[in-house]
Amino acid sequence: GLLNFKKQYPNRLFDVGIAEEHAVSMAGGLAKQGMVPVVALYSTFLQRSYDMILQDICMLKLPVILAIDRAGLVGEDGETHHGIYDVGFLRHAPGMQILCPASLAETEAMLRWAIATKPGPVAIRYPRGGNGQFTASWWDENDRICMHRFGKDLTIVTYGTLVNNVMAAAEILAQSGIEATVLRLSCINPVIAGELAGKLAEGTLVYVAEEIAGNCCIREHLASELQKIDRKYRIFGTDLGVQYIRHGAVDRLYDYYGLSPQKLAQSIMEVQNSEN
């Protein structure tokens, strides 16, 4: 998707092939000289440059923007291309902000913000395709927790385009008399727990839905931080588990791994019934 950019700005695009470590290190060098480089890589290839992210960008607090394509399930790209590990290793890096747009418009707004404000290292992770129904056409840094639906019984927290499945699941729950608040995190690192707690439903059940590997989730972090605020909160969730994800169409993979609207609603109802 960079061919048009290359034609218009031939001196501003560097294709280093499959040398992702070099791409990230080079971006750190450019940033240290006053530029604001954007590193465009697939999530599954970014993991090759973990060391460079830690030492060549974050340790120096440099304004490097990681534009991470193929975040989450990718379907036809194949088993090796699912972007389900980047949240885990990026959250380890001190000072790294992780933004998760749920539409192409939000992706563009986040890129413009990061380039204009130079806040330090920023990762913007977006899925293949990129658009969804329940998203805003704009974004700003003060709107990092978006409420898409209000309900008194429980809260569902998610991020990225998975909000579309979550909203559909909330409608299924409503048909069974369970009213859910749906919160979408456009920034998953850092998450301000106090701000999140202020938006939770009256019910103390919090369910976190994530299109990410089980050992890379933010659910445990949210549980820890919310428990510090009030021990009444009970946190559960669904993710992709600790396994390699098979090849297949995204909708079929959602259903197989429990992230389709129907499977999410079923899981939440089971938790709601057991907790009550």
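Of the residues Ala105, Ala123, which is under 16 Å from Ala67 (Cα atoms), without any contact (Cβ under 8 Å) to a residue 40 or more places away in the chain, of a type outside the set (D, E, K, R) and not in a loop (DSSP other than H, G, I, E, B)? I'd like the intermediate steps shown before the answer.
On the way: Ala123 fails: without any contact (Cβ under 8 Å) to a residue 40 or more places away in the chain.
One residue alone meets the criteria, Ala105.
Mind listing whichever residues of segment 213-252 are surrounded by 14 or more Cβ atoms within 10 Å (Cβ to Cβ) and among the polar types (S, T, N, Q)?
Result: Gln227, Thr238.
Within segment 63-78, is even one residue modelled with pLDDT of 95 or more, under 23 Å from Val157 (Cα atoms) and open to solvent by less than 40 Å² (accessible area, probe 1.4 Å)?
Checking segment 63-78: at least one residue is modelled with pLDDT of 95 or more, under 23 Å from Val157 (Cα atoms) and open to solvent by less than 40 Å² (accessible area, probe 1.4 Å).
Among the numbered conditions (1) open to solvent by 40 Å² or more (accessible area, probe 1.4 Å); (2) under 17 Å from the mean Cα position of the chain (by Cα); (3) among the basic types (Lys, Arg), tell me where Arg184 comes up short.
Result: Arg184 passes all but (1).
Is it the case, given these coordinates, that Met52 is modelled with pLDDT of 95 or more, in contact with an Asp or Glu (Cβ under 7 Å, 6 or more places away or on another chain) and either open to solvent by 60 Å² or more (accessible area, probe 1.4 Å) or not aromatic (Phe, Trp, Tyr) (or both)?
Values: modelled with pLDDT of 95 or more: yes; in contact with an Asp or Glu (Cβ under 7 Å, 6 or more places away or on another chain): yes; either open to solvent by 60 Å² or more (accessible area, probe 1.4 Å) or not aromatic (Phe, Trp, Tyr) (or both): yes.
Yes.
All but one of (1) touching a strand residue (DSSP E or B) at 6+ places or on another chain (Cβ under 9 Å); (2) within 30 Å of Glu171 (Cα to Cα) hold for Gly75; which doesn't?
It is condition (1) that Gly75 fails.
So that you can scan it fast, the table gives a plain yes or no per residue for (1) assigned to a loop (DSSP other than H, G, I, E, B); (2) in contact with a strand residue (DSSP E or B) (Cβ under 8 Å, 6 or more places away or on another chain); (3) surrounded by fewer than 22 Cβ atoms within 10 Å (Cβ to Cβ):
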site: Trp138; (1), (2), (3): yes, no, yes
site: Met147; (1), (2), (3): no, yes, yes
site: Ala170; (1), (2), (3): no, yes, no
site: Ala174; (1), (2), (3): no, yes, yes
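Please verify whether Arg12 is of a type in the set (Lys, Arg), more than 18 Å from the chain's Cα centre (by Cα) and surrounded by 14 or more Cβ atoms within 10 Å (Cβ to Cβ), treating the condition exactly as stated.
Details: of a type in the set (Lys, Arg): yes; more than 18 Å from the chain's Cα centre (by Cα): yes; surrounded by 14 or more Cβ atoms within 10 Å (Cβ to Cβ): no.
When the stated conditions are applied, Arg12 does not pass them.
In segment 191-211, how many are surrounded by 12 or more Cβ atoms within 10 Å (Cβ to Cβ) and either under 11 Å from Thr155 (Cβ atoms) or in contact with a Gly (Cβ under 7 Å, 6 or more places away or on another chain) (or both)? Step through it out loud before you land on a result.
So in segment 191-211, the residues surrounded by 12 or more Cβ atoms within 10 Å (Cβ to Cβ) come out as 191-193, 196-197, 199-201, 203-211.
Keeping just the survivors that are either under 11 Å from Thr155 (Cβ atoms) or in contact with a Gly (Cβ under 7 Å, 6 or more places away or on another chain) (or both) gives 196-197, 199-201, 203-211.
Residues that pass the stated criteria total 14.
May I ask you to say which residue of Ala114, Ala93, Ala105 is open to solvent by 30 Å² or more (accessible area, probe 1.4 Å), out of contact with any Lys or Arg (no Cβ under 9 Å at 6 or more places or on another chain) and of a type in the set (Gly, Ala, Ser)? Give the steps one after another, and end with the answer.
Working: Ala114 fails: open to solvent by 30 Å² or more (accessible area, probe 1.4 Å); Ala93 fails: open to solvent by 30 Å² or more (accessible area, probe 1.4 Å).
Exactly one residue qualifies, and that residue is Ala105.
Any residue at all in segment 37-46 that is of a type outside the set (D, E, K, R), in contact with a strand residue (DSSP E or B) (Cβ under 8 Å, 6 or more places away or on another chain), open to solvent by less than 20 Å² (accessible area, probe 1.4 Å) and in a loop (DSSP other than H, G, I, E, B)?
Narrowing segment 37-46 to residues of a type outside the set (D, E, K, R): 37-46.
This time we only want the ones that are in contact with a strand residue (DSSP E or B) (Cβ under 8 Å, 6 or more places away or on another chain), so: 37-44, 46.
Now narrow it down to the ones that are open to solvent by less than 20 Å² (accessible area, probe 1.4 Å): 37, 39, 43-44, 46.
Among the residues that remain, those that are also in a loop (DSSP other than H, G, I, E, B) are: 37.
Within segment 37-46 (the criterion being of a type outside the set (D, E, K, R), in contact with a strand residue (DSSP E or B) (Cβ under 8 Å, 6 or more places away or on another chain), open to solvent by less than 20 Å² (accessible area, probe 1.4 Å) and in a loop (DSSP other than H, G, I, E, B)), the answer is yes, since at least one residue qualifies.
Pairs needed: first member in segment 140-168, over 17 Å from Glu179 (Cβ atoms); second member anywhere, among the polar types (S, T, N, Q); C-beta distance under 6 Å; at least 6 residues apart or different chains.
Partner pairs satisfying both residue conditions: Arg144/Ser186; Asn164/Gln133.
The values are calculated or read from the model by the stated rules, or taken from the named source; none is laboratory data. None of the values given here were measured: they were computed from a predicted structure. So basically every Cβ, Gly included, is an ideal-geometry build from the backbone, and we count neighbours across all protein chains shown. Only protein heavy atoms, including side chains, enter the accessible area calculation; ligands, DNA and RNA are left aside. Shrake-Rupley method; radii C 1.70, N 1.55, O 1.52, S 1.80 Å.
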